[in-house]
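Read the structure below first, then the notes.
The values are calculated or read from the model by the stated rules, or taken from the named source; none is laboratory data. This structure is a prediction, so every number in the text was calculated from the model and none was measured. Neighbour counts are summed over all protein chains in view; Cβ atoms, including those assigned to glycine, are modelled from backbone coordinates with ideal geometry. The accessibility values were calculated without ligands, DNA or RNA, using every heavy atom of the protein model including side chains. Shrake-Rupley method; radii C 1.70, N 1.55, O 1.52, S 1.80 Å.
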Amino acid sequence: MTTSEQLNSQSFPTTSQSYLSSLNSPIDGLFLIDDFISEQEEFELINSIDLCEWSGNGIPPNPEMRRRTQHYGYEFSYRYRKVVQNLGVLPNFLDFLIKRFIEKKFIQSTEQEYPNMCIINEYQAGQGIMPHTDSPEIFGPVILSLSILTSCLITFTHIQDSSNQSIILLKPRSLLVMTKSSRFDYKHSISKDAIEYYNGEEIKRDRRVSLTFRTIVNFNENNENMEKGGCKFNNNSVHYK
Ligand SMILES: O=C(O)CCC(=O)C(=O)O
Ligand SMILES: [Fe+2]
C-alpha cells in the first residue's frame with residue numbers, strides 16, 4: 001500500500017489531518033500547496049474576477065476599505081465585523097476550486113467545512129492586512145486561501161507569545177490551508193512593504209489577488225442589511241437579490 005493509500009484508508013476527524021499531514025508545516029494545522037492551479041487557470045480566474053465589480057476605496061458595501069474586495073456567498077462587513085447578508089450561491093468560476101479542494105481531500109463535504117463564502121482581496125503595492133484571526137464564532141475550522149498574480153510574505157504570530165512567529169512565502173497559484181492551531185491560536189498578517197526579503201531573495205510587491213474560502217457557521221438572517229456590490233459577470237449561478 002502506498003502512503004497516500006494508507007492515508008486514504010484511515011478515518012480522520014478532519015480531512016486536513018489526512019492528505020495534508022504529509023506536507024511540511026512550521027505550525028500545527030498549516031499547509032501550503034504550491035502550484036495548486038495552472039497558469040492558464042490563473043489567467044482565466046483573474047479575467048472572470050475583473051469582469052465583476054470591486055468594492056472598497058469608496059465603493060459600497062465596504063467603502064471605508066483601502067483595498068478592493070469582492071464578496072460571494074455571504075457579505076462580510078469589516079466595519080461591523082460580522083456577516084451582514086446572504087448573497088446566494090458562489091459564482092460558477094469558483095466551482096472548479098471547491099471541486100479540487102474536495103478531490104484532494106483538503107476539506108470534507110460537510111456543513112462545517114464546505115465553503116459557502118469567498119472573499120476576493122486585491123492588494124496593490126503598499127497594501128497589506130493587519131494581524132488578525134478570522135472570527136472563530138462566525139467562520140468554520142478550515143480556511144483556504146489561493147494567491148494569484150504575485151508573491152508576498154504572510155506572518156503568523158502566536159496570540160499568547162508574539163515571539164513565536166513564522167513567515168511563509170505565498171507564491172502565485174499557491175493554496176494556503178489554515179486549520180487547527182494555525183487557524184485558532186495565531187494571527188496572520190501581510191505587510192505594506194513595497195519590497196520584502198525571503199531567504200535573501202528580494203520580493204517586489206505588485207498587484208496580488210487572493211481568494212479566501214470560508215464556511216459561515218453562524219449567520220442570523222435578521223441582521224441589519226447593508227447595500228451590496230453585485231457582479232456583472234454573466235453567470236446563471238450568481239443570485240443577487
Ligand atoms: O490575502 C490573503 O492571503 C489573506 C486574507 C485574509 O487573511 C483574510 O481575508 O482574512
Ligand atoms: Fe485572515
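Things worth noting here:
- Where a residue in segment 38-52 is under 16 Å from Glu122 (Cα atoms) and its partner, wherever it lies, is surrounded by fewer than 12 Cβ atoms within 10 Å (Cβ to Cβ), with Cβ under 9 Å and at least six apart: Leu51/Lys232; Leu51/Asn234; Cys52/Lys232
- Residue selected from segment 19-47 under the condition at pLDDT below 60 and open to solvent by 10 Å² or more (accessible area, probe 1.4 Å), by the criterion nearest to Ile98 (Cα to Cα): Tyr19
- Among the residues of segment 137-154, the ones that are more than 10 Å from ligand 1 (Cβ to nearest atom), crowded, with 16+ Cβ neighbours inside 10 Å and either over 22 Å from Phe93 (Cα atoms) or basic (Lys, Arg) (or both) come to 5 in all.
- Of the residues contained in segment 121-136, none is found to be open to solvent by less than 30 Å² (accessible area, probe 1.4 Å) and among the aliphatic types (A, V, I, L, M).
- Residues that are within 12 Å of ligand 1 (Cβ to nearest atom) and in contact (Cβ under 8 Å) with a residue 40 or more places away in the chain within segment 155-176 comprise Phe156, Ile168, Leu170, Lys171, Pro172, Ser174, Leu175, Leu176, listed in sequence order.
- Once segment 57-93 is narrowed to residues that are out of contact with any Gly (no Cβ under 9 Å at 6 or more places or on another chain) and of a type in the set (A, V, I, L, M), the residue that is surrounded by the fewest Cβ atoms within 10 Å (Cβ to Cβ) is Val84.
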